[in-house]
Amino acid sequence: MGVRKKQAADARKEANKSKYFAVLRNCPTSPRKMRLLADLIRGKEVYQALNILKFNPKEASGRLEKLLSSALSNYEAKTGERPEDGGLVVKEVFVDSAMQMKRLRTAPQGRANRIRKRSNHVTIIVDKKLEQTTK
């Protein structure tokens, strides 16, 4: 590994020590369906977001709920504080496309159609709520 690449990697590791996040990789749900749920919880308080996910009928909400609780436990492990005391909010949620499994389905007149089974990567970052001062 080159010197600049190693320095950049070390800087990224140091920056991640002060972030509280969880990552879900290769989740077998299409990114479009997962983004619908991610938009619901972005910017909400953590326990409000957990309630939204718990009572949402979509299949991907269970995975997001588990990921958010993992981010909470990562916060607790890094800081030593209880998440209830922190006033945490879901700062960022982003869903990226992952690998696609390609399958074939038979079509009329001897042809075949391609079926793409999509998957995604989800990252949730939680942080303390910023209090705005009014003048």
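Which residue, of Pro31, Pro108, is over 24 Å from Lys17 (Cα atoms), free of Cβ contacts under 8 Å to residues at least 40 places away in the same chain and out of contact with any Phe, Trp or Tyr (no Cβ under 8 Å at 6 or more places or on another chain)?
Every option except Pro108 fails the conditions.
Which residues, taken from the range 4-21, are under 21 Å from the mean Cα position of the chain (by Cα), part of a helix (DSSP H, G or I) and polar (S, T, N, Q)?
Listed by number, the list holds a single entry, Asn16.
Looking at Leu50, is it under 30 Å from Arg116 (Cβ atoms) and either at pLDDT 95 or above or of a type in the set (A, V, I, L, M, F, W, C) (or both)?
no
The values are calculated or read from the model by the stated rules, or taken from the named source; none is laboratory data. Treat the numbers as computed from the prediction; the structure is a model and nothing was measured. We place every Cβ from the backbone using ideal geometry, glycine too, and count neighbours over all the protein chains shown.
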